[in-house]
Amino acid sequence: MYVCICNNVTERDIEQAVREGARTVDCLADRLAVSTCCGQCRCYAEESLQSALGTLDGSEELPLAVAV
Ligand code: FES
């Protein structure tokens, strides 16, 4: 589903950006140009970001120990 019509950004684009390290809407704007034209999509972009972050947190494996 499209999140930002002005820049053809989809939920999948946001999910991919999150997997690559995006953690804020401003970061998504830098990477994907989401919310950089009319700005009507900013709230939905934030919702999509939070959803993608939730998915990421649930699927990542955390290290059990860190070497020092
Ligand atoms: S819909 Fe995203 S900037 Fe216009």
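Just rank SER48, SER35, fewest to most, by other beta-carbon atoms within 10 angstrom. Could the numbers behind the result be given before it?
On the way: SER48 26, SER35 23.
With the fewest neighbours first, SER48, SER35 line up as SER35, SER48.
Taking the beta-carbon count within 10 Å as an exposure proxy, list VAL25, VAL9 from fewest neighbours to most. Show your work: numbers first, answer last.
Details: VAL25 19, VAL9 24.
Going from sparsest to densest Cβ surroundings: VAL25, VAL9.
Return ILE14, ILE5 ranked ascending by Cβ neighbour count within 10 Å, so the fewest neighbours appear first.
On the way: ILE14 26, ILE5 11.
With the fewest neighbours first, ILE14, ILE5 line up as ILE5, ILE14.
Sketch the reach of a paramagnetic label on ALA33 as a point 7 Å from Cα along Cα-to-Cβ, and name the residues of the range 1-25 whose backbone nitrogen lies under 13 Å away.
4-10
For the range 2-59, what Kirkwood radius comes out of the mean inverse Cα-Cα distance, in Å?
Details: mean 1/r = 0.0922 Å⁻¹.
Averaging 1/r across every pair of different Cα atoms and inverting gives 10.8 Å.
Here, each number is a calculation from the coordinates, and none is a lab measurement. The structure displayed is predicted, hence computed values, not measured ones. When we count neighbours, we look across all protein chains shown, and the Cβ atoms used for this are built from the backbone with ideal geometry, even at glycine.
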